[in-house]
Structures are given as C-alpha cells and as structure tokens.
Amino acid sequence: MNMAEALHFREPMARHVSWRAGGPAERCFIPSGIEALAQFLRSLPREEPLLFVGLGSNLLVRDGGFRGTVILMHSAKRSARMDRGLIYAEAGVASPKVARFAAREHLTGAEFLAGIPGSVGGALAMNAGCYGAETWDIVQRALTIDRQGEVRERKKEQYEIGYRHCQLRSGKEEWFLAAWFELAKGDGAASSARIKELLAKRMATQPLSQPNAGSVFRNPPGDHAARLIEACGLKGLARGGARVSEKHANFIVNPDGAASAADIEGLIVQVRQTVLEKTGIELVPEVRIVGEPA
C-alpha cells in the first residue's frame, strides 16, 4: 500500500466509529506498517491536530468533522503472536482476538479482553476494563510513536495508570503501536469457557445489536452509572435518533442509524444534568468527543 492509496480526504468518520454517526475527517491515513506511519508523521506540519483511532468504539466525532488528520490503526488482518513467553499484539488488533489467542496458548488472565469492544491501542490508552480486570493489569511494556516518528519501548512504570486513565509521567505526547502482555500459564479450555460465559453475559445485558459506544459514563466511586441513570427514570429517553438503551442505562444507542453526533452529545449532556439535579452526583463521560459542531 503506497502513501497515496492510504491517504483519504473528507473521510466520513461515521464509517469508523461504532456509533455510526458524526462528521468527516479532513484527512485520514491508513498506515501499512510502523515505518510507513513514522514517515507519514515526519511529513506533517508540527501543529497538525492528530487523532489515532482503533475500532472507534469509544469515540464521537462532531457533525462538523475533525479539522486535522485521523490515523486509522485497526486492521482485521493483524493478529497476536508469542514473543519470548509474552503475547505481542499491535495497537490495531481487536482486544477480543488477544483473549482468544491467550486461551489457545493456555495462558490465563486475558479473558476479560473478550468483553472490550475496542482495539488494543484504545484499551491501552484508556486502561479499558470490565468484569473486575483492567488492561494495564497484564501489560509488561508498550511500543509507542511520537510526532517525530520516533519509536520507543516504554515500561509500565513510566505511566501513571488509574481507572480509565493512562498517561506518560513525563507528560510527553505519544501513541501506542503495540504491547507485550504477561500472563500466567493456565488451562486453555477453562479460559475459552470463561470467554464464552463473559460474552453470553454481555449479549444478555448490553444492546449489542444496535450501534453504541459501550459505557458512556465512568462508574462513580462505590456506585454504578447505569443504576443512577435508571433510578432517574431515563431509560428510553430519546433525542433525535439517539436513545438511552432500555437494556442497559449506561449505553446510548443509534437504533436506526439516523442519529447525528449532536443528538448523541445532547443526550449525554441531558443525562448528566438530570442525574446531577436528582442525585447530586456528577457523572464523568468515558467516551471521547472531538471535532467541530455542524
């Protein structure tokens, strides 16, 4: 893939985010590999706004679009592999693939990744988690790239890691290219069974048949965002084509694919305001919202 083929202009981001809504990116680059990405980054003006996107499962691009360059990291062709006893997975690999690969290699501890709808890069960037585990619990080190196309290996200790949070202690701006996962030896069949069980639980409790971006809000300390939203009577609340899911109150869905980014963002604001007024608790969005209004 040469650079001309991989660079698109006015690319509709609704194609690349799981909400299936939102405006276009001025420029969109799909790297064929790390070297092509490094070369491309070096060619950009220093002040160019950059947005790295995996599966777009935690992202909303406003209807006016993103004025800058989006780097699309996800590739269905990429997979995980073993590297000296660790699992190595590139940022563009879907998290559930890592869970299944670990089970095949009889390694345990990565089963929860099957419940994360994003890519490895996204999971690293926000320390994604579910069912009592978080991504950085199992990361040994990461591979990153900066604006100058400089590639580095980073140790876990170099990051400040918390609930849905990960940031270099130095404050430097870098993006994830890959990670090495350290897992204990286990029973592959038991891991596969656990993955099936987690997926069945997801299917039963989440509106997976409708475009969504997973949990919209972080859980406040000692409580659940979904419980608060439901207690405020907001299940089913609609705005334009967007709706608070009846199946899981911390999900906003785009059932007919007709919602605008403004509908979704407006609903997020409305839910936050209502919960704050009725309970005194301020919900913090977990989803990232970027770009310009229409």
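Compute the relative contact order of the stretch 37-149 as a whole-number percentage, counting only Cα pairs closer than 8 Å that sit 6 or more residues apart in sequence. Don't skip to the end; give the middle numbers.
Working: 161 pairs, mean separation 29.4, N = 113.
It rounds to 26 percent for the stretch 37-149.
If you count only protein heavy atoms with a 1.4 Å probe, what accessible area per residue comes out for the chain, rounded to a whole Å²?
Counting only protein heavy atoms, the per-residue value for the chain is 47 Å².
Probe radius 1.4 Å, ligands and nucleic acids left out: which of THR205, THR69 has the largest accessible area, and how do the rest follow? Mind dumping the intermediate values first?
On the way: THR205 60, THR69 0 Å².
Highest to lowest solvent-accessible surface, that is THR205, THR69.
Let me spell out the model: positive unit charges on the Cβ of Lys and Arg, negative unit charges on the Cβ of Asp and Glu, origin at the Cα centre of the stretch 8-79. What dipole size does that give, in debye rounded to 20?
Dipole of the stretch 8-79, to the nearest 20 debye: 160 debye.
Can you pull the one-decimal nm distance between simple spin-label points at LEU44 and GLN167, each 7 Å off the Cα toward Cβ?
2.0
If you put +1 on each Lys and Arg Cβ and -1 on each Asp and Glu Cβ, how big is the dipole of the stretch 120-193 around its Cα centre, in Debye rounded to 20?
Working: 10 positive and 11 negative charges, 21 e Å.
Dipole of the stretch 120-193, to the nearest 20 debye: 100 debye.
Say a paramagnetic label sat at a point 7 Å from the Cα of ILE289, along Cα to Cβ; which residues of the stretch 206-249 have their backbone N under 13 Å from it?
Under 13 Å, as judged by backbone N against the label point of ILE289, lie 216-217 of the stretch 206-249.
Could you derive backbone 3J(HN,Hα) for the stretch 51-57 from the dihedral phi with the Karplus parameters 6.51, -1.76 and 1.60 (θ = phi - 60°), listing whole Hz in sequence and x where the residue is Gly or Pro?
For the stretch 51-57, the Karplus curve yields 9, 8, 10, x, 8, x, 8 Hz.
Which option, (i) 128; (ii) 136; (iii) 144, is the value of volume of the Cα convex hull per residue in Å³ that was calculated from these coordinates?
(ii)
Show LYS155, LYS97 ordered by accessible area, largest first, where the area counts protein heavy atoms only and the probe is 1.4 Å. Working shown, then result.
Numbers: LYS155 125, LYS97 60 Å².
So the residues, ranked largest to smallest area, are LYS155, LYS97.
From the backbone phi of the stretch 64-75, what are the Karplus-calculated ³J(HN,Hα) couplings (6.51 cos²θ - 1.76 cosθ + 1.60, θ = phi - 60°) in whole Hz, Gly and Pro given as x?
x, x, 9, 8, x, 10, 9, 9, 8, 8, 6, 9
Any chance you could check the Cα centroid distance between the stretch 166-227 and the stretch 44-103 for me, in angstrom?
15
Determine the relative contact order of the chain: mean sequence separation of Cα pairs under 8 Å and six or more apart, normalised by residue count, in whole percent. Before the final figure, lay out each step's value.
On the way: 653 pairs, mean separation 56.5, N = 294.
Value for the chain: 19 percent.
Exceeding 31 Å between C-alpha atoms, which entries from my cross-link table qualify? They are LYS247/LYS278; LYS155/LYS185; LYS77/LYS196; LYS185/LYS247. Working shown, then result.
Details: LYS247/LYS278 22 Å; LYS155/LYS185 22 Å; LYS77/LYS196 23 Å; LYS185/LYS247 36 Å.
Distance filter (> 31 Å) returns LYS185/LYS247.
How high is the FRET efficiency between LYS155 and ARG67 when r is their beta carbon distance and R₀ equals 41 Å, given to the nearest 0.05?
Details: r = 35 Å, r/R0 = 0.85.
With a Förster radius of 41 Å, E is 0.75.
Which far-off residues, 5 or more places away or on another chain, put their amide H under 5 Å from the one on ARG141, with H placed in the peptide plane?
Result for ARG141 returns TRP180.
Measure off 7 Å from each Cα along the Cα-to-Cβ vector at ARG10 and HIS106, then give the distance between these two points in nanometres to one decimal.
Computed distance between label sites ARG10 and HIS106 equals 5.7 nm.
Would you rank MET13, MET126 by solvent-accessible area, highest first, keeping every protein chain in place and using a 1.4 Å probe? It would help to have the intermediate numbers written out before the result.
Numbers: MET13 0, MET126 35 Å².
Greatest to least solvent exposure: MET126, MET13.
Counting alpha carbon pairs within less than 8 Å and at least 6 residues apart, what relative contact order, in whole percent, applies to the stretch 221-294? Before the final figure, lay out each step's value.
Details: 83 pairs, mean separation 18.3, N = 74.
For the stretch 221-294, the relative contact order is 25 percent.
Carbon and sulfur: what percent of the chain's accessible surface (1.4 Å probe)? Can you show the working numbers first?
Working: 6770 of 13690 Å².
It is 49 percent, rounded to a whole number.
In whole Hz, what ³J(HN,Hα) sequence does the stretch 152-162 give by Karplus (6.51, -1.76, 1.60; θ = phi - 60°), x for Gly and Pro?
9, 8, 10, 7, 3, 5, 7, 10, 9, 10, x
The values are calculated or read from the model by the stated rules, or taken from the named source; none is laboratory data. Keep in mind the model is a prediction, meaning the values are calculated, not measured. Reconstructed Cβ throughout: ideal geometry from the backbone, glycine too, with neighbour counts over all protein chains shown. Areas reflect the complete protein model, heavy atoms only, side chains present, ligands, DNA and RNA absent. Shrake-Rupley method; radii C 1.70, N 1.55, O 1.52, S 1.80 Å.
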